[in-house]
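Only the coordinates and a few stated rules stand behind these numbers; no lab work does. As the structure is a prediction and not an experimental result, all values here were calculated from the model. Every residue, glycine among them, receives a Cβ derived from its backbone with ideal geometry; neighbour counts consider all protein chains shown.
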Amino acid sequence: AQSVTQLDSQVPVFEEAPVELRCNYSSSVSVYLFWYVQYPNQGLQLLLKYLSGSTLVKGINGFEAEFNKSQTSFHLRKPSVHISDTAEYFCAVSDRYSTLTFGKGTMLLVSP
Amino acid sequence: GAVVSQHPSRVICKSGTSVKIECRSLDFQATTMFWYRQFPKQSLMLMATSNEGSKATYEQGVEKDKFLINHASLTLSTLTVTSAHPEDSSFYICSAISGTTDTQYFGPGTRLTVL
């Protein structure tokens, strides 16, 4: 069985400040890891994914995440956020490429 | 990029009626589609996996007779909520896997409100 823990339900941050959204997972097998963003009343958009290879993954909109196997983490980072980054962010894990298990989400609130 | 559409985007219905939600992959073929349900301020919960030409696989606790899924073609899957009740009110999201890119793309969601 797999699970995903997003430690923060809400992260407030000022515009142009750096941000880190935390994600920890548990799985008994090799994992694939994902971060998705959801804007209000919309579906999910893939930010980035880790399948194998380099542990530092770069995604869209200036986001990046680092896979840390020893700490079972896949934290999402952005060095400078914009107002438009305000959204819900979901971390997800899969033991094969298709079926995803999602975390509860972290609401990123960017204020001027 | 690959696009997945859902129709309708919003639907309000009376208790006891049935509602059909369509999920289409617009520019790619999807042998596998997924249906999720999302309650307010909560995560997505997988309801079922829909495979073209075969019966859907439902997650534990999801009533297959209540949530009918049909994957009639490589670009269309439908979810029918039968005899809807207020507790079925939710945000339903579908996703589709592109066989070419092996990536899961999500639809924009359908907001169902049952009165």
Selection of trypsin sites (Lys or Arg not before Pro), segment B:1-42, meeting DSSP coil and at most 14 other Cβ within 10 Å: B:14, B:41
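Ignore the peptide's own chain and count Cβ atoms of other chains within 10 Å of each Cβ in B:101-114; give me the average, rounded.
Working: counts 0, 3, 4, 11, 4, 7, 3, 5, 5, 1, 1, 0, 0, 0.
If you average over the peptide's residues, the count of other-chain Cβ atoms is 3.
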Between residue A:47 and residues 5 or more places away or on another chain, which pairs have amide H atoms under 5 Å apart, with H built 1.01 Å from N, and which residues are they? A:35, A:36, A:37
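Which residues make up the longest stretch of chain A that has no GluC sites (Glu not before Pro) in a DSSP loop with at most 15 other Cβ atoms within 10 Å?
Values: sites that count: A:15, A:16.
Longest stretch, sites excluded: A:17-112.
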For residue B:48, which sequence-distant residues (separation of 5 or more, or a different chain) have an amide H within less than 5 Å of its own amide H, given hydrogens modelled in the peptide plane? B:35, B:59
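With N set to the number of residues, divide the alpha-carbon radius of gyration of segment B:37-113 by 2.2 N^0.38 Å and report two decimals.
Values: Rg = 12.8 Å, N = 77, 2.2 N^0.38 = 11.5 Å.
Rounded to two decimals, the normalised Rg is 1.11.
Please compute the Kirkwood hydrodynamic radius over chain A, one decimal place, Å, based on all pairs of different Cα atoms. Don't jump to the answer; show the numbers that get you there.
Details: mean 1/r = 0.0716 Å⁻¹.
Averaging 1/r across every pair of different Cα atoms and inverting gives 14.0 Å.
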The rounded separation in angstrom of the Cα centers of segment A:60-92 and segment B:1-59 is 27 Å
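Can you pull out the trypsin sites (Lys or Arg not before Pro) in segment A:54-102 whose DSSP state is coil and whose Cβ has at most 13 other Cβ atoms within 10 Å?
Within segment A:54-102, the qualifying trypsin sites (Lys or Arg not before Pro) (loop, at most 13 other Cβ atoms within 10 Å) are A:69, A:96.
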Tell me, what HN-Hα J-couplings in whole Hz come from the Karplus equation 6.51 cos²θ - 1.76 cosθ + 1.60 at θ = phi - 60° for each residue of segment B:87-96, using x for Gly and Pro? 6, 7, 4, 5, 9, 9, 10, 10, 9, 9
Peptide A:40-47 - average C-beta neighbours from other chains (10 Å radius): 6
In whole Hz, what ³J(HN,Hα) sequence does segment B:103-112 give by Karplus (6.51, -1.76, 1.60; θ = phi - 60°), x for Gly and Pro? 10, 8, 10, 9, x, x, x, 10, 8, 9
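Of A:104/B:55; B:14/B:66; A:104/B:66; A:49/A:69, which pairs sit farther than 18 Å apart, going by alpha carbon to alpha carbon? Spell out each step's value before the answer.
On the way: A:104/B:55 29 Å; B:14/B:66 16 Å; A:104/B:66 26 Å; A:49/A:69 15 Å.
From the list (A:104/B:55; B:14/B:66; A:104/B:66; A:49/A:69), the Cα-Cα distance tops 18 Å for A:104/B:55; A:104/B:66.
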Please list 3J(HN,Hα) in residue order for segment B:67-84, calculated via the Karplus relation 6.51 cos²θ - 1.76 cosθ + 1.60 where θ = phi - 60°; whole Hz, with x for glycine and proline. 10, 7, 10, 10, 10, 6, 9, 6, 10, 9, 10, 10, 10, 10, 8, 8, 6, 5
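Given 0.36 nm per residue, what is the gain on full extension from residue B:17 to residue B:59 after removing their alpha carbon distance, in nm? All intermediate terms of the calculation are to be shown ahead of the outcome.
Numbers: separation 42, 0.36 × 42 = 15.12 nm, distance 2.36 nm.
Stretched fully, the residue B:17-residue B:59 segment lengthens by 12.8 nm.
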Evaluated at q = 0.10, 0.15, 0.18 Å⁻¹: base-10 log I(q)/I(0), Debye formula over Cα of the protein assembly as shown: -0.46, -1.01, -1.34
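What percentage of all Cα-Cα pairs in segment A:39-101 are separated by more than 15 Å? Intermediate results must be reported in sequence, preceding the final value.
On the way: 1112 of 1953 pairs.
Above the 15 Å cut-off, segment A:39-101 has 57 percent of its Cα pairs.
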Label-to-label distance, nm, for residues given as residue B:29 and residue A:51 (7 Å Cα→Cβ offset): 2.0 nm
